[in-house]
Amino acid sequence: MGIFSRLGWFFKRRWRQYSFGVLALLLVAACNVVPPRIVGNVVDAVSKRNMSMQFLFVNLGLLLVVAILGYILRFVWQKMIFGSSYVLERDLRNRLFHHFMKMDTTFYKKWRTGDLMAHATNDIDAVREVAGPGVLTLADSLITGLSMIFAMGIFVDWKLTLYAILPLILLAVMANVLGNKIHDAFMDSQAAFSSINNKTQESIVGIKVVKALGQESEDEADFDKYVDKNINANKKTYRLNAMFDPLTSIIMGLSYVITIILGGLAVIHSRITIGQLVSFITYMAELTWPMFAIGSLFNILERGSASYDRIIELLSEKSSLVIPKHEVKDQPRGTLDFEMKKFHYPDGNVSALKDVSFNLGEGQTLGIVGPTGGGKSTIISLLMRDFDHYNGQITVGEHDIRDFKLDDYLDNIGYVPQTNFLFSTNIRDNIRFANIDADQSQVEAAAYVADLDTDIKGMPEGYDTQVGELGVSLSGGQKQRLSIARAVLSNPELLILDDSLSAVDSKTERNIENRIAQNRTSGTTIIAASRLSSVEHADQILVVEDGTISEKGTHKQLLDNRGWYYDTFNLQERNAEIEGRLNTRG
């Protein structure tokens with residue numbers, strides 16, 4: 001029952017609705033007391049041979065009135081109790097989604113997507129069941145059970161009632177023994193469901209890779225293991241839960257045996273009439289549902305309790321991002337100063353960056369290059385405030401970036417990541433995602449800067465073309481250019497291109513670079529690239545190796561240094577020349 005107290009914050013907020021709902025249940029129980037009494041009176045009238053048509057029609061009329069009243073009252077409690085449970089579902093979903101929106105990169109490295117989806121769907125459904133069917137089952141079983149017992153004692157015989165309900169004490173013992181075991185079993189069951197969610201999501205997203213490598217059978221076999229684990233967890237859960245109904249049947253059977261034996265003796269000794277015994281047995285039949293409902297109630301409560309534990313665990317996670325004590329109200333613009341003495345990722349001890357510093361004036365372009373794993377993306381991550389804890393300082397216009405409100409800071413950044421994410425909508429809405437109010441001319445201007453406008457015009461539906469899930473209908477280069485158009489449209493103070501020209505040819509790359517330069521006369525641009533031609537026109541170029549800056553300067557200066565940049569540039573130029581010759585021959 002602890003789950004009810006933990007949801008007390010919600011029940012307090014909706015106490016009026018739940019009060020009306022429980023009152024309606026109470027009145028329904030009162031209505032249910034009437035029919036057995038009427039049936040008993042009719043049986044007594046028949047046995048005494050004094051039945052009249054008027055007596056019969058009056059009792060039938062009462063049954064009809066009670067039935068109509070019960071229908072209305074059932075509508076009321078369903079609206080109040082079940083309706084409130086869906087309010088809880090909405091609130092928990094909103095809280096979780098808001099929590100997801102404000103959490104940092106560390107959180108998403110710890111929790112897998114499928115697991116988060118399981119929390120936001122299956123777990124919340126289980127908690128909603130507590131606030132709906134759980135409340136109903138508890139209130140209805142108590143009200144119905146107590147009202148039936150009260151009616152049996154008042155209208156028939158209190159001694160017979162006492163003997164008949166004695167076996168019900170065994171239910172409390174059974175519930176106490178099985179309760180904790182069921183809670184643990186449901187925790188394992190929900191965790192197994194999360195694992196299946198993770199596996200399904202991963203396999204569907206990576207379906208092209210699975211098929212390309214011919215691993216369908218192996219992936220299906222791996223999926224079967226997750227399914228078997230989930231089935232075994234659920235078997236244990238329902239095996240424990242299934243113990244309730246048979247034991248309840250045995251207990252109710254004992255009550256009926258006591259009723260028939262002692263009730264029959266009471267009729268023989270004229271302590272009660274045959275009609276009263278019929279009423280008593282009818283009340284016992286009405287008491288059967290509350291007894292079986294206890295098993296269902298424990299199922300709902302333990303599943304809901306396990307799921308609520310999982311949700312609270314998720315909500316208790318704290319973002320490591322810094323919340324400024326005194327927010328800077330100015331727009332983050334001006335000179336960018338990056339001074340990083342040392343930084344390592346939260347889950348690692350090896351320094352990812354060490355003694356990295358550079359200065360970038362407003363309106364300038366910075367190129368960041370270097371071998372794979374050298375630290376280019378780490379610099380970008382720190383600029384994007386994926387991580388706020390490091391030994392160093394990053395300032396924009398003399399303000400530490402951690403002193404800006406995160407939303408205000410990121411609103412002034414246009415970011416094109418290495419992995420482009422597109423939404424399952426048309427090209428127009430994907431481009432204007434950061435500025436949904438942009439008109440068609442602005443969308444077309446952004447597409448032109450990204451050298452995507454000609455491609456779009458060649459599509460049958462133009463800007464209304466649906467890109468499919470994750471942009472499946474577009475090529476790799478089109479995805480990159482669409483992401484660039486989306487970033488350009490927001491007209492950011494700082495545009496960051498994180499190796500986002502790797503899937504386009506040299507001519508398209510040059511077009512995009514020239515158009516960005518023409519479009520961004522005042523904004524600052526950072527380009528992290530593997531292909532050096534992407535940064536050769538930058539005002540300043542950094543070569544980042546092993547987490548530190550090994551070379552710094554303009555394109556010409558770095559060529560004169562004859563270091564890593566010189567060697568890599570010449571190698572790429574020779575490869576491009578060879579590729580061009582092969583294409584010409586082809």
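The values are calculated or read from the model by the stated rules, or taken from the named source; none is laboratory data. Remember, it's a predicted structure, so these values are computed and weren't measured experimentally. Glycine gets a Cβ as well: all are built from the backbone with ideal geometry, and neighbour counts include every protein chain shown.
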Taking the criterion of being outside any helix (DSSP H, G or I), assigned by TED's automatic domain parsing to the domain that holds Ala151 and either among the aliphatic types (A, V, I, L, M) or over 24 Å from Tyr308 (Cβ atoms) (or both), would at least one residue in the range 14-36 satisfy it? no
Report whether or not Asp451 is at pLDDT 85 or above, buried (at least 21 other Cβ atoms within 10 Å of the Cβ) and over 29 Å from Ile401 (Cβ atoms). yes
All-but-one check, Asp455 against (1) outside the structural domain of Met384 (by TED's automatic domain parsing); (2) farther than 21 Å from Ser534 by Cβ; (3) of a type in the set (Asp, Glu), failing number (2)
Please find, among Asp567, Asp539, the residue that is more than 15 Å from Gly367 (Cβ to Cβ), among the acidic types (Asp, Glu) and surrounded by fewer than 22 Cβ atoms within 10 Å (Cβ to Cβ). Asp567
Might you let me know whether the range 229-241 holds any residue that is at pLDDT below 80 and in contact with a Gly (Cβ under 8 Å, 6 or more places away or on another chain)? yes
Take residues that are among the charged types (D, E, K, R) and tell me which of the helices (runs of 4 or more DSSP H) falling wholly in the range 85-188 contain 3 or more. 124-129
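I want to confirm something. Restricting to the range 465-494 and keeping residues that are part of a loop (DSSP other than H, G, I, E, B), on the phi < 0 side of the Ramachandran plot and in contact (Cβ under 8 Å) with a residue 24 or more places away in the chain, which single residue is surrounded by the fewest Cβ atoms within 10 Å (Cβ to Cβ)?
Keep residues of the range 465-494 that are part of a loop (DSSP other than H, G, I, E, B), which gives 465, 467-468, 472-475, 490-493.
When the remaining residues are screened for being on the phi < 0 side of the Ramachandran plot, the result is 465, 467, 472-475, 490, 492-493.
Applying the additional criterion that residues be in contact (Cβ under 8 Å) with a residue 24 or more places away in the chain yields 465, 467, 474-475, 490, 492-493.
Details: Thr465: 17, Val467: 20, Leu474: 22, Ser475: 12, Ser490: 19, Pro492: 20, Glu493: 21.
The selected residue is Ser475.
Please go through the range 46-56 and give me each residue that is free of Cβ contacts under 8 Å to residues at least 24 places away in the same chain and either of a type in the set (Asp, Glu) or assigned to a helix (DSSP H, G or I) (or both), ordered by number. Let's see the steps before the verdict.
Within the range 46-56, the first condition is being free of Cβ contacts under 8 Å to residues at least 24 places away in the same chain, and the residues that meet it are 46, 48-56.
Residues satisfying the conditions are Val46, Met53, Gln54, Phe55, Leu56.
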Taking the range 393-440 only, how many residues are under 26 Å from Ser319 (Cα atoms), in contact with a Ser or Thr (Cβ under 6 Å, 6 or more places away or on another chain) and of a type in the set (A, V, I, L, M)? 2
Per-region count, the range 410-446, residues touching a strand residue (DSSP E or B) at 6+ places or on another chain (Cβ under 8 Å) and among the aromatic types (Phe, Trp, Tyr): 1
Considering the range 197-222, residues that are under 22 Å from the mean Cα position of the chain (by Cα) and either hydrophobic (A, V, I, L, M, F, W, C) or exposed (fewer than 11 other Cβ atoms within 10 Å of the Cβ) (or both), and then whichever is modelled with the highest pLDDT, we arrive at Ile204
Starting from the range 268-295, take each residue that is modelled with pLDDT under 80 and list its partners that are basic (Lys, Arg), counting only C-beta distances under 8 angstrom and pairs at least six apart or across chains. Ser279/Arg37
